[in-house]
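Here, each number is a calculation from the coordinates, and none is a lab measurement. Quick caveat, the model's predicted, so the values are computed rather than measured. Reconstructed Cβ throughout: ideal geometry from the backbone, glycine too, with neighbour counts over all protein chains shown.
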Amino acid sequence: MKTPTNAFKQRLLTGDRQYGLWLGLAQTISTEICAGAGFDWLLIDAEHGPNDLRSILAQLQVIAAYSSHPVVRPPHGDHVLIKQLLETGVQTLMIPMVETAAQAEQLVRAMRYPPQGIRGVGSALARASRWGRIGHYMHEANDQMCLIVQVETKAGLENLDAIQQVDGVDGIFFGAADLAASLGFLGAADHPDVVRLIEDGLRRVSKAGTWGGVLCGDKALIRRYEDAGARFVAVGVDSMILSGATSALCAEFVPRSGGDVASSY
């Protein structure tokens, strides 16, 4: 057996546009329904979604039967947690709240075996090596790791050039909601100033050869971000799709049901 090739990383590095969906429901059935839709990538969210190591593993096993590439977002960039996630077999991580190049460098090292990094050695116990059946896993794994860092604060934007220059950072994801909050526009991810800064960030990282990404549910705004250089775009969130569809259906038959659905992300 051979270490699986990270097709998402290959396409990302060549500049192919890839569309994804956010998974926050932490359930295998909803994950499988979404995996069957055919998105290029699916983001399992453990920062804001109620996911833990076991629920992430179960969803990875479900997604494996489909063509979508799994990306996992842990709650923070702790190297011990990263080690555990990599052992589940995930090859692409999105780390929130990255604000400095030094932080990005530590994340790169956490995802790689020595001497390039500090990842602990124990793959024979793990799904990543198919429990030792991939004989050269430890020698092949580093090349398949894909690190996406989230720049979503004022400080992160100020250090954007240094962050994207870190060897091993494969993509920069601009978090509109947190960036808006950091700039004083809480709850207004589509504020013109926020949009302008994200467009500028996308152009900067694209010019430097590191592709950028966003999460956006507004088609017109998605096109603007794509024109600015976005190459991996999440176009929806499972919980919000379910919430919006059920509220709309209910309103047809129970018009006084109420229930506003947030649309900004």
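Per residue, how big is the convex hull around the C-alpha atoms of the stretch 12-153? Give it to me in cubic angstrom, could you? Before the final figure, lay out each step's value.
Working: hull volume 16.5 nm³, N = 142.
That works out to 116 Å³ per residue.
Rounded to the nearest 0.05, what FRET efficiency do Gln116 and Asp227 give with R0 = 41 Å and r taken as the Cβ-Cβ distance? Could you check?
The computed FRET efficiency comes out at 0.70.
Over the alpha-carbon set of the stretch 175-235, work out the extent along each principal axis and list the three values in angstrom, largest first.
31, 22, 15
Using the alpha-carbon centroid of each, what span in Å lies between the stretch 15-33 and the stretch 181-231?
Spelled out, the Cα-based centre of one part sits 21 Å from the other.
Which semi-axes, in whole Å and largest first, does the equivalent ellipsoid of the chain have when worked out from the alpha carbon gyration tensor as the square roots of 5 times its eigenvalues?
So the equivalent ellipsoid measures 30, 24, 15 Å along its semi-axes.
When Tyr225, Tyr19, Tyr66 are ordered from fewest to most other Cβ atoms inside 10 Å of their Cβ, what list results? Provide the component values of the computation, followed by the final result.
On the way: Tyr225 23, Tyr19 14, Tyr66 17.
Listed from fewest to most nearby Cβ atoms, that is Tyr19, Tyr66, Tyr225.
Please state, as a whole number in µm²/s, the translational diffusion coefficient that the Stokes-Einstein equation yields for the stretch 61-119 at 25 °C and 0.890 mPa s, with Rh defined as the Kirkwood radius across alpha carbon pairs. Mind showing how you got there, number by number?
Values: Rh = 12.2 Å.
Rounded to a whole number, D works out at 201 µm²/s.
Determine the gain in length on full extension of the stretch Lys219-Phe253; use 0.36 nm per residue of separation and subtract their C-alpha separation, reporting nm with one decimal.
Contour length minus Cα-Cα distance gives 9.4 nm.
Collect residues whose amide H, placed 1.01 Å from N in the peptide plane, falls under 5 Å from the amide H of Leu215; neighbours closer than 5 in sequence don't count.
Those lying under 5 Å, H to H, from Leu215 are Ala176, Ala234.
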